[in-house]
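Trainee: Handing you a structure now.
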Amino acid sequence: MLLEPPLLPDSDSLWEAAACGLLLTSATGSIERANLTFCHWVGLSQSELQGRRFQELLTMGDRIFHQTHWAPLLQMQGSVTEVKLDLVHKDGHSIPMMLNAVRREHPTTGIFHELAIFIAEDRNRYERELVAARKLAEERLLQQLQAQRALTLAQDRLSQAHADAEIRATFAEQMVGIVSHDLRNPLAAIKMAADMLARNEQDEKRTRIIGHVTHSANRAQRLIADLLDFTQARVGRGIVVNPQAIDLHAVVASCVEELSMTFSGRGLIHRHVGATRCVADGDRLHQAIGNLVANAMTYGDPDKAVTVTSAVEAEGVVITVHNQGVPIPAPLLANLFEPMIRGVDGGDEVRSVGLGLFIVREIARAHHGNVQVTSTLEPGTVFIISLP
């Protein structure tokens, strides 16, 4: 016995009551057909929309974006996805939307654009919460830096060994606890959310915003790592290293390759000399080189390449980072590797806590080595890490 197929809604019903706005426009944007869902969203009837150009329903800024970006993109590649735009309701208020569009050519009727539009209010709310979480993380980081400076001043004023030890222990407890709990968790959420958003096809504006979020989260994570290392060094345990046999040139080459992506558009060169094998903590060397290269990129001549040289010699291991640019002022050189010492203020983009060079020195000391710097107009600024 054959079962009759279930009765399904007709295509017109599916079109009119779809869970998204559906439009069919001509190649010039003239609306040929719009479903009732879209009409309800914008407060206009089907007859009022008939013959109107779709771009006339957009805000002024999105009209420009339509003309300069996604309309040409639709013409070239035949489709666009997840374009963020604001439509203007009949009463004048704007409605955030996401648009998917396909350009389809029919042999008999010509070229039409098929548009599917979705309300994007929930997505906008999520993005605002993401920005708020990043701002909260940065504010808490600033609070901890202020607490750290206050504690450091208090330590200088105390002369008794017992009181000094108590303050250091309290500082370590507060810093490690607050940084790991209050900062790492929201930062992890920010990075995870940014990675999830980045997996989908994005327009240029959205890709740029997600890139800024990811960049800020990565920068905050680096600051947290420096603070944790700083805490260990200040409470007397020192930075922990795990020396083992490594290929020095391969470790440095990998680090330079990664940094080249971080500082895209800037010249970064790796040179190697001598043998390849040595005993050291590759991860810590990677961290030290990263701090030195970041310092060179921040304060060096942006038109000149930064050079990282690795050498295994009879006397030991030597790693140098060289950049051209304005020399480091002589008054700064004597205390350059102390915490909270920074070069000239370069604005928000290069602002740092001032722990990078201190961490480099502690990594060198943990290897029973040292770090030095020379800085003149010619040949430039050179940081030299020497390990036995």
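Trainee: Using 7 Å Cα-to-Cβ label points, what is the THR152/ASP283 separation (nm, one decimal)?
Mentor: 2.6 nm
Trainee: Okay, moving on. Round to a whole angstrom and tell me the spacing of the C-alpha centers of region 358-388 and region 259-306.
Mentor: Using only Cα atoms, the two centres lie 13 Å from each other.
Trainee: In addition: If r is the Cβ-Cβ distance from ASP195 to SER47 and R0 is 56 Å, what FRET efficiency results, to the nearest 0.05?
Mentor: Once the sixth-power term is evaluated, E becomes 0.75.
Trainee: I want the local charge near GLU114. Using Cβ-Cβ distances under 12 Å, sum +1 for each Lys or Arg and -1 for each Asp or Glu among the other residues. Walk me through the numbers before you get to the answer.
Mentor: On the way: positive: ARG33, ARG103, ARG104; negative: GLU32, GLU105.
Within the 12 Å Cβ shell, the charges total +1.
Trainee: So what are the ³J(HN,Hα) numbers for region 379-388, from phi and the Karplus equation (6.51, -1.76, 1.60; θ = phi - 60°), rounded to whole Hz, Gly and Pro as x?
Mentor: x, x, 9, 10, 9, 10, 9, 10, 10, x
Trainee: First measure r as the distance between the Cβ atoms of THR109 and HIS69, then evaluate 1/(1 + (r/R0)^6) with R0 = 25 Å and state the FRET efficiency to the nearest 0.05.
Mentor: 0.40
Trainee: To the nearest 0.05, what FRET efficiency results for HIS89 and THR207 with a Förster distance of 35 Å applied to their C-beta separation? Write down the numbers at each step before the final one.
Mentor: Values: r = 28 Å, r/R0 = 0.81.
Taking R0 as 35 Å, the efficiency between HIS89 and THR207 is 0.80.
Trainee: Could you please report the charge total around GLY369, scoring K, R as +1 and D, E as -1 over all other residues with beta-carbon less than 15 angstrom from its beta-carbon?
Mentor: Details: positive: ARG284, ARG361, ARG365; negative: ASP281, GLU313, GLU315, GLU362.
Once all neighbours under 15 Å are counted, the net charge is -1.
Trainee: So, one more: Taking amide H atoms as placed 1.01 Å from N in the peptide plane, list the residues 5 or more away in sequence, or in a different chain, whose amide H sits under 5 Å from that of ALA18.
Mentor: Residues meeting the amide H criterion: THR37.
Trainee: Compute the signed sum of charges (Lys and Arg +1, Asp and Glu -1) over the other residues within less than 13 Å, Cβ to Cβ, of SER386.
Mentor: 0
Trainee: Here's another thing I want to ask about it. If each residue of separation counts as 0.36 nm, what is the full-extension length gain between THR59 and ILE119 once their alpha-carbon separation is subtracted?
Mentor: The THR59-ILE119 span can extend by a further 20.1 nm.
Trainee: What distance in nm separates the two pseudo spin-label positions at ALA275 and ASP303, each 7 Å out from Cα along the beta-carbon direction?
Mentor: Output for this residue pair reads 4.3 nm.
Trainee: So for the pair GLN143, GLU32, with labels modelled 7 Å out along Cα→Cβ, what separation do we get in nm?
Mentor: Simple spin-label model gives 5.9 nm for this pair.
Bear in mind these aren't lab numbers, they're just calculated from the coordinates by the rules spelled out. In this text the structure is predicted, and so the values were computed from the model without any measurement. Cβ sites come from the backbone with ideal geometry, for glycine too, and all protein chains shown count toward neighbours.
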